[in-house]
Amino acid sequence: MYDRVQDENRNQNIVASILNNIPSESEITKIEYEGPFIVLYSRKPTVLLENQEIISKMVNLIKKRIVIRTDTSIRSSEESVNHIIRSSCSKPNNIPEICFDPALGEATVFVNDFRTLTELNQLEIGLIEKTGWKLMCRRAPKNLGILKSMNEILHSSSEERIDFYKRVGEKIFRQKLSGSEEASIVCLGGFSEIGRSAILIVTHESKILLDFGIKTYNNEDTDLLPRVDIFGIGMNEIDAVVISHAHLDHCGAVPILCKYGYDGPVYCTEPTFPIMISILQDYVSRSKEPLYSTRDIENLISHVIPLNYGAVTDISPDVRITFANSGHMIGSASTHLHIGNGDYNIVYTGDLKFGRLNTVDNAFWNFPRAETLIIESTNGNRDDKFVTRDVAEENLAKSINSTIQQDGRVLIPVPVLGLSQEICVTLGMLRSINMINPEKIFVDEKILDMFNFYEMYSDYLSKPLKQRINEQIEDPLFINNLVKLEPSVKWEKSIILCPSSMLTDGPSVKYLSQIANDPLSKVILLSEQFQSSTGKLLQEGLRNIILEGNNVDIKCNVDMIPGFSIHSDYNQLLAYVNRLKPKLKKVITNHGEGKKCQNLSNSLNRIFKIQSFHPLVQESIKVL
């Protein structure tokens, strides 16, 4: 039963606790529930921003996230803020753009060089006092297009978003219903299969969607989308959507939720937000019959609430989440769900890399509690074992050099996002130490565009890359020598990186056709290859294939070099589970072909004596 009087008394107690512990000189004008935060509006915000221990004490007292916002009465006009910020730094021309978000009272200042970035960060408190806006300073990417278009949508929908945040906040912070705690995991997609990842967490209070993707390599309509239909769930029953990362098999169907009436929050990390929007827009632009429109994506933009790694956040009356680095790609997250009053904890790994990459750090594993683990099984068979990364890089260099030295051409088919940026950085590193010496490294424009987000969200990159950035080393990401791939490129003694990774469509098919009849050239496969794809056929030794509608004999060389996967191999998956400190009660495998999910489940049960499951889509498991 819901008790409104009890709920109002509880809210009054929270407000009273805040007011009793906050200095009066901060001039708090109002306290609001907005989204997953309790927001304090202040006429003197620097009093609190300069004394973070005050906020920390309040957070510990009320166990809720608190955000400080400037009161609208002290905010200068956007034109004035532009002038104040530019005139305050020594090189105003190094500020190409300032984006304003009136709903949050925040101004994002994009800066071309790290020296100006450091200068503005040192001036931050003074600039907040002068402008009345909270400032976020970020490195400006080479192309601000997608960020500016997103900001236009956010800016124009400010009033609607303020109402949206309040509505979500009231729903999150209402009093819990009476009754015992319970939780079930419902398998909507991505179980004993790869693609359309979607998990529904059902508790006594809430329905939370973890990922909502599409199947990108299968054209059968019945298998394309998560099976949310079979449970008869209305869009208004979903409390929150949580996105682990920006690959289409995890986020590709989210705009469909908006299309059919979902009006709740979508949580993801800061880098995932613009990358996801970019990937979704690209999907719509290249699909003959897209599942949703650009308008649906624009609707989604105004519902996204980005969260940082490590921030404990209420997303419903009985569920808190914390994002942690999953090691897969920039911004990818494992999600820790804390259900009820400490009753139960679930960790959903998302796509997991528990091993070395050059672009991002190893996956986080130090969760305080976890009773159930949902773990990916892309490489769940016992023989899915990689060589070490050092050996893989040495093998790649040898393969490239043996071709380039004979005046051959090298084609490396990769996906647009994730592995492609990892390989670009790796090739740049290998070239910088003269392990490879191609004349040019040509890269598809869409792959290069993704580096905009790597530059902007550099704090999400690996420790070595962040160190190079902090030391202001020229070309910290090893990408200055990458050349945009043009249609009429001449690529003798050079490398081309382009999609698709499995040679099913896209530019990689065109460039394979160019070298198919050349025994001096080579295609190097680095990605997992799904059954029946052209890449899989080549990997298995078939040399007569269909390319661009023609029957083609492949005379170029084909190398398959393992060790570059941005997923964990079998041993890394076992090592991850072994490293987890909490004693698990249940493990559920997903995101893998049926046999791989089953094998990993059996192995975890045998080795760690944990109850394990490898369910199918449409099954559910009660965990509490």
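Coordinate-derived values only; no laboratory data. If you're wondering where the values come from, they're calculated on a predicted model, not measured in any experiment. A quick note on method: Cβ atoms are made from the backbone with ideal geometry, for glycine too, and the neighbour counts reach across all protein chains shown.
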Quiz item: At 222 nm, what helix-only mean residue ellipticity would the chain give, in deg cm²/dmol to the nearest 500, using -39500 (n - 2.57) for each DSSP H run of four or more?
Solution: -10000 deg cm²/dmol
Practice problem: Would you mind checking the tilt of helix 445-456 against the longest principal axis of the Cα atoms of the chain, expressed as 0 to 90 degrees and rounded to 10? | Solution: 40 degrees
Self-check item: Between 0 and 90°, nearest 10: helix 272-286 axis offset from the chain longest Cα axis
Solution: 50 degrees
Practice problem: Count the DSSP beta bridges whose two residues both fall in region 461-612, then state the antiparallel fraction as a percent rounded to the nearest 5. | Solution: 40 percent
Quiz item: Antiparallel DSSP bridges in region 389-560: what percent, to the nearest 5?
Solution: 20 percent
Practice problem: Find how much the distance from residue 91 to residue 406 grows on full extension, using 0.36 nm per residue of separation minus their present alpha carbon separation; answer in nm with one decimal. | Solution: 108.5 nm
Exercise. May I ask you to derive the relative contact order of region 50-144, considering only C-alpha pairs under 8 Å and at least 6 residues apart, and to give it as an integer percent?
Key: 29 percent
Self-check item: From the coordinates shown, Kirkwood radius over Cα pairs in Å corresponds to which of (1) 25.9; (2) 32.6; (3) 27.0
Solution: (1)
Quiz item: So which trypsin sites (Lys or Arg not before Pro) in region 497-576 pass both tests, a DSSP loop state and at most 15 other Cβ atoms within 10 Å of the Cβ?
Solution: 543, 555
Quiz item: Between region 155-218 and region 401-450, how many Å separate their Cα centres?
Solution: 39 Å
Exercise. Relative to the longest principal axis of the C-alpha atoms of the chain, give the angle of the C-alpha long axis of helix 389-404, reported between 0 and 90° and rounded to the nearest 10°.
Key: 40 degrees
Quiz item: Could you name the lysines in cross-link range of residue 44, using Cα to Cα under 16 Å and dropping any fewer than eight places away on the same chain?
Solution: 30, 130, 134
Quiz item: Which loop GluC sites (Glu not before Pro) in region 494-582, with loop taken from DSSP, have no more than 11 other Cβ atoms within 10 angstrom of their Cβ?
Solution: 540, 548
Quiz item: Whole-Hz Karplus ³J(HN,Hα) for region 477-488, in order, using 6.51 cos²θ - 1.76 cosθ + 1.60 and θ = phi - 60°, x for Gly and Pro?
Solution: 9, 6, 10, 5, 8, 6, 10, 4, 6, 9, x, 9
Exercise. Could you pull out the pairs from 91/148; 64/583; 440/484; 398/446; 207/622; 215/484 whose alpha carbons sit more than 18 Å apart here?
Key: 91/148; 64/583; 398/446; 215/484
Quiz item: Looking at the chain, what % of its DSSP beta bridges pair antiparallel, to the nearest 5?
Solution: 50 percent
Quiz prompt | Centre separation in Å (Cα based) which lies between region 83-145 and region 511-560 | solution = 49 Å
Quiz item: In region 284-334, what chymotrypsin sites (Phe, Trp or Tyr not before Pro) fall in a loop by DSSP, with at most 10 other Cβ atoms inside 10 Å?
Solution: none
Quiz prompt | For region 232-296 and region 570-609, distance of Cα centres in Å | solution = 29 Å
